[in-house]
Amino acid sequence: MASRENSILNRIDWVTIALYLACVVIGWLNIYAAVYNPEQPISIFNFETNSGKQLVFAGFSVLLIIAILVIDYRFWETFAFYIYGFILLLLVGVLVLGADIKGSHSWFRIGPVGFQPAEVAKMATALAIAKYLSTPGTNLAKFKDQFTVAIFMLIPILLILLSRETGQTLVIVGLVLMLYREGLPGIYPSIIIVSATLLILALTVDTLTIAIVLAVIAGVVLFFMPRYERTRKTYVTIGLIYVGCLVVVWATDFFIHNVLAPHQRSRIEVLIDPNSHKRGAGWNVIQSKIAIGSGGVFGKGFLQGTQTKFDFVPEQSTDFIFCTVGEEHGFFGSLVVIGLLIALILRLIFLAERQRIKFARVYGYGVVSIFFFHFLVNIGMTIGLMPVIGIPLPFFSYGGSGLWSFTILLFIFLKLDSQRSLIMSRV
């Protein structure tokens, strides 16, 4: 029998668990507030409401936590590729057997219960990448290893795109943040930043103007460049960069107007000008900003949100749950929620950095990347800074798949971290 000192309860990080519980409880209260009707008040424990169902989901989460803490920590590294392969099979299966919900074919339906494989695909991808990068001899400075990791990410991305669940694909792309900690060359961030800048310009400025501005910039760079550096190779390099930038601009314009579905295109247009679709795609963002702004400094009070009561903001208990926080608890309440999530992310960075096993460290940073992307995009879209792509706020948004996937994602890492002291004592 394990000694008291070696008990999992003594080794697990209780600070992270406290942050997790605080997020789940506050999220549950706000889900209740989002669907509360003062004319027909219903108990928060009523299992026919979203808040009651979320409580059931939280109960199942406890069972998942216990199962994860009981399983040997080496299981996740040993079977990482098998878990990844199994989730890929689910992603293929949902294309054939999945239910069509709001244009997305990404849900399995078993009676009243729904399960979205794309939610756990993030965890499986993080495990697979961690397993691969912890293999002796791998190095992200090598193109072969960069290509292999890219394949690990692209396969679930393509399958999720086929199910018309765009938001979850971007979360997997967000795992790139983890790769920089593990040695991905710095040229890639530069390419991403330049491409993102050109993408935004392509949405707001015509192609000819961008081409002229880029040509002027190239000319200025050559003018101030020392004469001895103006070699043929330099001219060719600058020319190729110029052509590459124009290709990105043209491809962005072509993709938006010829590839994206109308509802996806409207979301991008709303990001630029929410008033462009006041009664359509822009409605959510406009009403979301009104709800948050109306909360003022201290908010209207718990269960007192008028935007909530009159259903002005669609999906308010799921994708737009932050509206409820802003309206009912104001600026300070919003700060508390943002502070909790930032504290959780920073704590996970601390835990990831202290790992002695590479698999645990890489996976930990994968968890950080996923949580950060969800946090940034979800809150950003409620205040009009990000496109509406339909991804939940971790532990706050209503939904069993989301809560379970985030819980599994987090507690696998906590289980790995709990073994750190034992592993160090054996070294």
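Within region 182-197, track down each residue that is among the hydrophobic types (A, V, I, L, M, F, W, C) and either modelled with pLDDT of 80 or more or under 21 Å from TRP250 (Cβ atoms) (or both). I'd like the intermediate steps shown before the answer.
First pass over region 182-197, keeping only residues among the hydrophobic types (A, V, I, L, M, F, W, C): 184, 187, 191-194, 196.
Answer for region 182-197, where residues must be among the hydrophobic types (A, V, I, L, M, F, W, C) and either modelled with pLDDT of 80 or more or under 21 Å from TRP250 (Cβ atoms) (or both): LEU184, ILE191, ILE192, ILE193, VAL194, ALA196.
The rows are residues; the columns are (1) open to solvent by 60 Å² or more (accessible area, probe 1.4 Å); (2) at negative phi; (3) not in a strand (DSSP E or B).
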| site | (1), (2), (3) |
| --- | --- |
| ASP72 | yes, yes, yes |
| PHE75 | yes, yes, yes |
| ASP100 | yes, yes, no |
| ALA128 | no, yes, yes |
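Of all residues in region 224-259, those that are of a type in the set (Phe, Trp, Tyr) and over 35 Å from the mean Cα position of the chain (by Cα) total 3. Applying the condition of being among the polar types (S, T, N, Q) and within 22 Å of the chain's Cα centre (by Cα) to region 110-147 and asking which residue is modelled with the lowest pLDDT yields GLN116.
The helices (runs of 4 or more DSSP H) located wholly in region 198-286 that include 2 or more residues which are open to solvent by 60 Å² or more (accessible area, probe 1.4 Å) and either touching an Asp or Glu at 6+ places or on another chain (Cβ under 9 Å) or modelled with pLDDT of 70 or more (or both) occupy 207-224, 232-258. One residue is enough: does region 321-336 have a residue meeting the conditions of a type in the set (A, V, I, L, M, F, W, C), over 30 Å from GLN419 (Cα atoms), assigned to a loop (DSSP other than H, G, I, E, B) and open to solvent by less than 20 Å² (accessible area, probe 1.4 Å)? Looking for residues that are of a type in the set (A, V, I, L, M, F, W, C), over 30 Å from GLN419 (Cα atoms), assigned to a loop (DSSP other than H, G, I, E, B) and open to solvent by less than 20 Å² (accessible area, probe 1.4 Å), one finds none in region 321-336, hence no.
Table: residues versus (1) of a type outside the set (Val, Ile, Thr); (2) in contact with a Phe, Trp or Tyr (Cβ under 9 Å, 6 or more places away or on another chain); (3) open to solvent by less than 30 Å² (accessible area, probe 1.4 Å); (4) not in a loop (DSSP other than H, G, I, E, B).
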{"residue": "GLY296", "(1), (2), (3), (4)": "yes, yes, no, no"}
{"residue": "GLN304", "(1), (2), (3), (4)": "yes, no, no, no"}
{"residue": "ALA360", "(1), (2), (3), (4)": "yes, yes, yes, yes"}
{"residue": "SER369", "(1), (2), (3), (4)": "yes, no, yes, yes"}
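Residues that are in contact with a strand residue (DSSP E or B) (Cβ under 7 Å, 6 or more places away or on another chain) and aromatic (Phe, Trp, Tyr) do occur in region 108-120, at least one of them. On the given criteria, is ALA352 modelled with pLDDT of 90 or more, open to solvent by 10 Å² or more (accessible area, probe 1.4 Å) and among the small types (Gly, Ala, Ser)? So ALA352 does not fit the description; no.
Within region 148-165, can one find any residue that is surrounded by 12 or more Cβ atoms within 10 Å (Cβ to Cβ), touching a Gly at 6+ places or on another chain (Cβ under 6 Å), aliphatic (A, V, I, L, M) and at negative phi? There is no residue in region 148-165 that is surrounded by 12 or more Cβ atoms within 10 Å (Cβ to Cβ), touching a Gly at 6+ places or on another chain (Cβ under 6 Å), aliphatic (A, V, I, L, M) and at negative phi.
Restricting attention to region 7-28, which residues are surrounded by fewer than 19 Cβ atoms within 10 Å (Cβ to Cβ) and part of a helix (DSSP H, G or I)? Let's see the steps before the verdict.
In the first step, residues of region 7-28 are kept if they are surrounded by fewer than 19 Cβ atoms within 10 Å (Cβ to Cβ); the result is 7-15, 17-18, 21-22, 25-26.
Result: ILE8, LEU9, ASN10, ARG11, TRP14, VAL15, ILE17, ALA18, LEU21, ALA22, VAL25, ILE26.
The values are calculated or read from the model by the stated rules, or taken from the named source; none is laboratory data. Remember, predicted model here, so these are calculated numbers, not experimental data. Counting neighbours? That spans all protein chains shown, and the Cβs are built from the backbone with ideal geometry, glycine included. The protein model used for the area step is the full one, side chains on, heavy atoms only, and it has no ligands, DNA or RNA in it. Shrake-Rupley method; radii C 1.70, N 1.55, O 1.52, S 1.80 Å.
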